[in-house]
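**Student:** I am attaching a structure below and will ask some questions about it afterwards.
The values are calculated or read from the model by the stated rules, or taken from the named source; none is laboratory data. This is a predicted model, so every value here is computed, not measured. For neighbour counting, all protein chains shown are included, and Cβ atoms are generated from backbone atoms with ideal geometry for every residue, glycine included.
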Amino acid sequence: MNEPASNAPPTAPTPATALLARQAALTLLQAALGRRGGLEEALSHGRYMALSPQDRGFARAVVMATLRRLGPIDRALDGKLKREPPAPTRDLLRLGLAQALWLDTPAFAAVDTTVSLAPKPLRGLVNAVLRGVLRDAAPDELPEFLAPSWLLARWRAAFGDIDALGIAAQIALEPATDLTQRDPTDDALAKTLEAEVLPGGSLRLIRRGDVAGWPGYDEGRWWVQDRAAAIPARLLQAKPGETVLDLCAAPGGKTLQLASAGATVTALDQSSGRLRRVAAGLARTGLSAETVTADAVAWTDGRLFDAVLLDAPCSATGTFRRHPDVLWNAKPGDIPSLVQLQSRLLAAAAKRVRPGGRMVYSVCSLEPEEGEAQARGFLSTNPDFTLEPLEPGEGGSPLVSLAPEGWLRILPHHADGGLDGFFIARFRRH
Ligand SMILES: C[S@@+](CC[C@H](N)C(=O)[O-])C[C@H]1O[C@@H](n2cnc3c(N)ncnc32)[C@H](O)[C@@H]1O
């Protein structure tokens with residue numbers, strides 16, 4: 001929740017640490033492309049944390065710029081490489097190009113440091129390829145080159161050409177930082193932070209540096225949360241004194257929203273490590289909730305709740321603005337098993353809703369199997385639930401995101417400056 005702002009300053013490392021910072025960037029890129037969650041883990045690793053804040057900021061900025069243009073970068077490299085060179089040559093070339101083309105690193109410095117990091121027998125090749133690409137016109141950043149082709153094909157099939165390209169165009173853009181306020185009536189905060197107040201009340205900031213140093217952080221007056229991620233909890237309309245179950249709660253942005261609405265919240269997650277982040281968020285904001293470590297499907301507690309939020313695990317393809325690595329780690333084969341897990345979690349969540357109560361289902365995925373198809377499947381097998389259609393603009397949602405069915409299909413280009421992709425539906429139990 002208090003992840004560093006994505007727009008940390010990419011100040012160049014000092015000459016003494018130039019290679020160290022770039023070696024760190026290489027390690028981060030390899031972790032990012034190695035497996036899902038690899039980048040997040042590498043960013044909290046001791047070796048990375050031991051760097052100076054300046055070198056950390058630089059390494060992270062280089063890697064984010066590389067991941068946001070991985071498609072165009074690889075197209076440019078493929079035009080120069082006769083055959084695939086041994087690892088880590090391609091990753092070094094990717095980082096070198098990103099520095100020279102998008103990070104204001106002088107081309108000679110990007111080339112020299114990249115060559116120095118390459119294994120000796122490959123230095124000539126690295127030098128020639130980098131200089132060759134940099135002599136050409138800058139790589140084409142057309143939306144169709146920014147997304148992995150299999151994902152773009154899925155988005156075309158699901159949303160049509162225009163929207164698919166609209167989504168892809170967001171990949172290269174660096175997002176602002178959005179915050180949710182603990183007290184939505186805290187009008188002074190937007191002014192102090194020089195933030196734009198968005199529909200629904202989220203604050204949007206173009207501010208650099210570590211969020212923990214920003215005004216109001218220590219007093220817990222806000223937490224980092226994308227403006228789209230703040231919508232599901234608002235749609236639950238939790239009221240003071242109501243009981244609310246947040247079934248997949250960690251790291252906890254939505255738990256904090258529900259608790260700040262005055263509800264009596266139970267926050268459950270199967271990961272004790274991630275639940276510690278929920279507890280830390282609660283402690284910092286002075287809010288309270290019961291936290292439970294359990295598998296939601298096997299949880300034996302018999303309580304019923306006024307409202308249940310299921311923000312289910314998913315392919316997370318809607319979060320590529322801050323996590324461009326998701327695009328390159330997602331595999332077509334991941335989706336069916338996630339769909340099965342979501343169905344089981346929906347069934348478990350439904351059992352916890354009292355008659356007359358409501359449930360919100362959300363996923364930060366752009367894939368219709370995890371959204372529309374889940375909602376349809378749930379309604380067809382749970383006759384005691386109906387869809388409760390959402391109002392235009394409800395919860396701060398873009399008008400264009402409201403589907404004729406009454407649920408939200410939020411696409412990343414649906415609002416100026418972008419927002420995360422989400423599917424959100426609200427159900428009522430009779
Ligand atoms: C999309 S994240 C939830 C994000 C969270 N709602 C928030 O706003 O910060 C999904 C969460 O589901 C949890 N999870 C996955 N499978 C689960 C299960 N069977 N039971 C409980 N939690 C599960 C994961 O540990 C992960 O924290």
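**Student:** Which one of these is modelled with pLDDT of 95 or more, within 13 Å of the ligand (Cβ to nearest atom) and not polar (S, T, N, Q): 366, 282, 327?
**Tutor:** Residue meeting the stated conditions: 282.
**Student:** Same structure again: Being among the polar types (S, T, N, Q) and either surrounded by fewer than 16 Cβ atoms within 10 Å (Cβ to Cβ) or more than 34 Å from the chain's Cα centre (by Cα) (or both) is the filter here; which residues of segment 108-122 pass it?
**Tutor:** 116 - this is the single residue of segment 108-122 that is among the polar types (S, T, N, Q) and either surrounded by fewer than 16 Cβ atoms within 10 Å (Cβ to Cβ) or more than 34 Å from the chain's Cα centre (by Cα) (or both).
**Student:** Looking at (1) touching a strand residue (DSSP E or B) at 6+ places or on another chain (Cβ under 8 Å); (2) surrounded by fewer than 17 Cβ atoms within 10 Å (Cβ to Cβ); (3) more than 30 Å from residue 177 (Cβ to Cβ), can you tell me which one residue 380 breaks?
**Tutor:** Unmet condition: (1).
Rundown of residues vs (1) without any contact (Cβ under 8 Å) to a residue 12 or more places away in the chain; (2) in contact with a Cys (Cβ under 8 Å, 6 or more places away or on another chain); (3) over 27 Å from residue 385 (Cα atoms), yes/no style:
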| position | (1), (2), (3) |
| --- | --- |
| 262 | no, no, no |
| 278 | no, no, yes |
| 281 | no, no, yes |
| 302 | yes, no, no |
| 305 | no, no, no |
| 316 | no, yes, no |
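**Student:** Just one of (1) under 22 Å from residue 257 (Cα atoms); (2) in contact with a Gly (Cβ under 8 Å, 6 or more places away or on another chain); (3) more than 16 Å from the ligand (Cβ to nearest atom) trips up residue 411, so point out which.
**Tutor:** For residue 411, the failing item is (1).
**Student:** Return the residues of segment 96-107 that are among the small types (Gly, Ala, Ser), surrounded by fewer than 23 Cβ atoms within 10 Å (Cβ to Cβ) and under 26 Å from the mean Cα position of the chain (by Cα); say none if nothing qualifies. Spell out the reasoning first.
**Tutor:** Quick first cut of segment 96-107, residues among the small types (Gly, Ala, Ser) only: 96, 98, 100, 107.
Now narrow it down to the ones that are surrounded by fewer than 23 Cβ atoms within 10 Å (Cβ to Cβ): 100, 107.
None - no residue of segment 96-107 is among the small types (Gly, Ala, Ser), surrounded by fewer than 23 Cβ atoms within 10 Å (Cβ to Cβ) and under 26 Å from the mean Cα position of the chain (by Cα), so the list stays empty.
**Student:** Still on this structure, please answer the following. Which condition number does residue 414 fail, the rest of (1) buried (at least 16 other Cβ atoms within 10 Å of the Cβ); (2) in contact (Cβ under 8 Å) with a residue 24 or more places away in the chain being met?
**Tutor:** With respect to (1) buried (at least 16 other Cβ atoms within 10 Å of the Cβ); (2) in contact (Cβ under 8 Å) with a residue 24 or more places away in the chain, residue 414 is out only on (2).
**Student:** Suppose we keep only residues that are in contact (Cβ under 8 Å) with a residue 60 or more places away in the chain and part of a helix (DSSP H, G or I) within segment 41-74. Which one would you say is farthest from residue 129 (Cα to Cα)?
**Tutor:** Within segment 41-74, the first condition is being in contact (Cβ under 8 Å) with a residue 60 or more places away in the chain, and the residues that meet it are 53, 64, 67-73.
Add one more test, that the residue is part of a helix (DSSP H, G or I), and what stays is 53, 64, 67-68, 70-73.
Numbers: 53: 31, 64: 22, 67: 19, 68: 21, 70: 16, 71: 17, 72: 15, 73: 12 Å.
Per the stated criteria, the residue is 53.
**Student:** Still on this structure, please answer the following. Please go through segment 222-232 and pick out each residue that is within 18 Å of residue 283 (Cβ to Cβ), more than 10 Å from the ligand (Cβ to nearest atom) and touching a residue at least 60 places away in the same chain (Cβ under 8 Å).
**Tutor:** Within segment 222-232, the first condition is being within 18 Å of residue 283 (Cβ to Cβ), and the residues that meet it are 222-225.
Checking the rest, the ones that are also more than 10 Å from the ligand (Cβ to nearest atom) come to 222, 224.
The answer is 224, and nothing else.
**Student:** Tell me, which residue of segment 236-252 that is within 8 Å of the ligand (Cβ to nearest atom) and touching a Ser or Thr at 6+ places or on another chain (Cβ under 8 Å) is farthest from residue 37 (Cα to Cα)? Before the answer, list the steps.
**Tutor:** At the first step, the residues of segment 236-252 found to be within 8 Å of the ligand (Cβ to nearest atom) are 246-252.
Narrowing the set further to residues that are touching a Ser or Thr at 6+ places or on another chain (Cβ under 8 Å) leaves 246, 249-250.
Numbers: 246: 23, 249: 18, 250: 15 Å.
Ranking the qualifying residues of segment 236-252, first place goes to 246.
**Student:** For residue 255, indicate whether it is more than 12 Å from the ligand (Cβ to nearest atom), among the hydroxyl-bearing types (Ser, Thr, Tyr) and more than 18 Å from residue 390 (Cβ to Cβ). Outline the logic, then answer.
**Tutor:** Numbers: more than 12 Å from the ligand (Cβ to nearest atom): no; among the hydroxyl-bearing types (Ser, Thr, Tyr): yes; more than 18 Å from residue 390 (Cβ to Cβ): yes.
So residue 255 fails the test.
**Student:** Among the residues of segment 83-125, what is the count of those that are over 23 Å from residue 12 (Cα atoms) and in contact with an Asp or Glu (Cβ under 8 Å, 6 or more places away or on another chain)?
**Tutor:** Counting residues in segment 83-125 that are over 23 Å from residue 12 (Cα atoms) and in contact with an Asp or Glu (Cβ under 8 Å, 6 or more places away or on another chain) gives 0.
**Student:** Can I ask one more? Within the bounds of segment 314-321, is there any residue that is surrounded by 14 or more Cβ atoms within 10 Å (Cβ to Cβ) and of a type in the set (Lys, Arg)?
**Tutor:** Filtering segment 314-321 for residues surrounded by 14 or more Cβ atoms within 10 Å (Cβ to Cβ) gives 314-321.
With the extra rule that they be of a type in the set (Lys, Arg), the set shrinks to 321.
So far as segment 314-321 goes, yes, one or more of its residues are surrounded by 14 or more Cβ atoms within 10 Å (Cβ to Cβ) and of a type in the set (Lys, Arg).
**Student:** Having 3 or more residues that are in the same structural domain as residue 359 (by TED's automatic domain parsing) and of a type in the set (Val, Ile, Thr) is the bar; report the strands (runs of 3 or more DSSP E) wholly within segment 173-289 that clear it.
**Tutor:** Numbers: elements: 177-181, 203-205, 222-224, 243-246, 264-269.
Filter on segment 173-289 gives 264-269.
**Student:** With (1) under 30 Å from residue 152 (Cβ atoms); (2) more than 22 Å from the chain's Cα centre (by Cα); (3) hydroxyl-bearing (Ser, Thr, Tyr) as the list, and residue 66 as the residue in question, which single condition is left unmet?
**Tutor:** (2)
**Student:** Condition check: within 13 Å of the ligand (Cβ to nearest atom), surrounded by 23 or more Cβ atoms within 10 Å (Cβ to Cβ) and assigned by TED's automatic domain parsing to the domain that holds residue 360. Does residue 311 satisfy that?
**Tutor:** Numbers: within 13 Å of the ligand (Cβ to nearest atom): yes; surrounded by 23 or more Cβ atoms within 10 Å (Cβ to Cβ): yes; assigned by TED's automatic domain parsing to the domain that holds residue 360: yes.
Against the criterion (within 13 Å of the ligand (Cβ to nearest atom), surrounded by 23 or more Cβ atoms within 10 Å (Cβ to Cβ) and assigned by TED's automatic domain parsing to the domain that holds residue 360), residue 311 qualifies.
**Student:** Just checking, which of 347, 261 is farther than 28 Å from residue 383 by Cβ, more than 8 Å from the ligand (Cβ to nearest atom) and surrounded by fewer than 24 Cβ atoms within 10 Å (Cβ to Cβ)?
**Tutor:** Values: 347 fails: farther than 28 Å from residue 383 by Cβ.
None of the others qualify; the one that does is 261.
**Student:** Given the structure, is residue 93 crowded, with 23+ Cβ neighbours inside 10 Å and part of a helix (DSSP H, G or I)?
**Tutor:** Numbers: crowded, with 23+ Cβ neighbours inside 10 Å: yes; part of a helix (DSSP H, G or I): yes.
The answer is yes for residue 93.
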